[in-house]
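One structure below.
The values are calculated or read from the model by the stated rules, or taken from the named source; none is laboratory data. Everything numeric in this text was worked out from a predicted model, so none of it was measured. Quick reminder, even Gly has a Cβ in these numbers, built from the backbone with ideal geometry, and neighbours come from all protein chains shown. Quick note on the areas: whole protein, heavy atoms, side chains included, nothing else; ligands and nucleic acids left out. Shrake-Rupley method; radii C 1.70, N 1.55, O 1.52, S 1.80 Å.
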Amino acid sequence: MSNNRPARLVFLFLTAIILVFISLYFYIKINTPIVPDCRATLKIDISDDRSSLSGYYLLSVIPSEENNNQHSFIMTGEINFNHKKYIISRKLLIEYRQQGSHFFSRVKNIYIDPSDQAGDDIYIRGLPQLNQIYFTRVKRLNDKNYIFEENYSPMFICTI
């Protein structure tokens with residue numbers, strides 16, 4: 001009986017190590033933030049004594065296949081800025097750096113479609129600007145929905 005005791009202890013030790021590594025793998029896999037390929041419809045309503053902005057647009061989030069630290073936001077929709085209507089159609093190239101479960105994202109480039117009526121000349125508060133920085137977090141709600149947060153305040157829910 002004493003001859004089997006060291007073998008049992010080694011077997012128990014190896015089993016415990018394997019279980020720890022499997023648990024660690026699944027913990028990291030579940031809690032690792034990702035930028036999903038998804039869509040969201042956003043409604044904007046910002047008005048104060050400086051200006052008024054209202055409207056809606058479809059936002060498509062597309063991760064880059066070539067660069068793991070970039071993704072694209074494609075915005076198409078209609079907004080009213082200071083009682084003037086604009087059609088928005090643009091693509092934003094976002095570069096990000098991950099820090100823990102958060103992302104430091106910067107608008108690297110803006111491609112404006114010819115159908116975009118706001119263009120480069122008009123600064124519309126609420127629309128992302130070149131070199132603007134966001135501190136965001138992406139949380140998985142379920143298999144199809146992700147929530148994008150900025151400083152623990154929800155920005156939008158994106159659906160695959």
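How would you classify the range 1-75 from its alpha-carbon gyration tensor, with a ≥ b ≥ c the square roots of the eigenvalues: rounded for a/c under 1.5, else prolate if a/b is greater than b/c, otherwise oblate?
Prolate, because a/c is 1.5 or more and a/b exceeds b/c.
Roughly what would the spin-label model give for Arg5 and Asp37, points 7 Å off Cα along C-beta, in nm?
If labels sit at Arg5 and Asp37, their model points lie 5.9 nm apart.
Given the Cα-Cα distance of Gln117 and Ile87 and 0.36 nm per residue of separation, how much length would full extension add, in nm? If you can, show how the numbers build up before the last one.
Values: separation 30, 0.36 × 30 = 10.80 nm, distance 0.53 nm.
Answer, rounded to one decimal: 10.3 nm.
If we count every other residue with Cβ under 12 angstrom of Leu127's Cβ, Lys/Arg +1 and Asp/Glu -1, where does the sum land?
0
Find the relative contact order for the range 17-84 and round it to a whole percent, using C-alpha pairs within less than 8 Å whose residues are 6+ positions apart. Intermediate values should be presented prior to the final figure.
Numbers: 96 pairs, mean separation 17.8, N = 68.
Relative CO of the range 17-84 lands at 26 percent.
Rounding to the nearest 10 and keeping the result within 0 to 90°, find how far the Cα-based axis of helix 4-31 lies from the longest principal axis of the chain.
0
Can you give me the Cα centroid spacing of the range 1-25 and the range 41-115 in angstrom?
Centre-to-centre (Cα) distance: 52 Å.
DSSP loop (so not H, G, I, E, B), at most 14 other Cβ within 10 Å: list which GluC sites (Glu not before Pro) in the range 66-135 pass both filters.
The qualifying sites are Glu66.
In square nanometres, what is one fourth of the surface area of the convex hull spanned by the alpha carbons of the range 83-160?
Convex hull of Cα atoms, orientation-averaged projection: 6.5 nm².
I want to check a number: in the range 76-148, how many lysine pairs have alpha carbons closer than 30 Å, given a sequence separation of 8 or more or different chains? Could you put the intermediate results ahead of the total?
Numbers: Lys84/Lys108; Lys85/Lys108; Lys91/Lys108; Lys91/Lys139; Lys91/Lys144; Lys108/Lys139; Lys108/Lys144.
The result is 7.
Let a ≥ b ≥ c be the square roots of the eigenvalues of the Cα gyration tensor of the chain; is it rounded (a/c under 1.5), or, if not, prolate (a/b larger than b/c) or oblate?
Taking the square roots of the gyration eigenvalues as a ≥ b ≥ c, the chain is prolate.
Note down the magnitude of the dipole of the chain about its Cα centre, charges +1 on Lys and Arg C-beta and -1 on Asp and Glu C-beta and zero elsewhere, to the nearest 20 debye.
Working: 18 positive and 15 negative charges, 157 e Å.
Computed charge dipole of the chain: roughly 760 debye.
Could you tell me which of Val138, Asn68, Val107 has its Cα farthest along the dipole of the range 65-141 towards the positive end, charges placed at Cβ (Lys, Arg +1; Asp, Glu -1), taken about the Cα centre?
Of the listed residues, the answer is Val138.
Go through Ser101, Ser115 and list them by solvent-accessible area, largest first, probe radius 1.4 Å.
So the residues, ranked largest to smallest area, are Ser115, Ser101.
Quick check: residue separation of Asp49 and Asp143 times 0.36 nm, minus the Cα distance between them. What number comes out in nm? Write down the numbers at each step before the final one.
Details: separation 94, 0.36 × 94 = 33.84 nm, distance 4.16 nm.
Taking 0.36 nm per residue and subtracting the Cα distance, the gain is 29.7 nm.
For the chain, which longest stretch is free of loop sites, where a loop site is one of the trypsin sites (Lys or Arg not before Pro) that DSSP puts outside H, G, I, E and B and that has at most 15 other Cβ atoms within 10 Å?
That would be 51-124.
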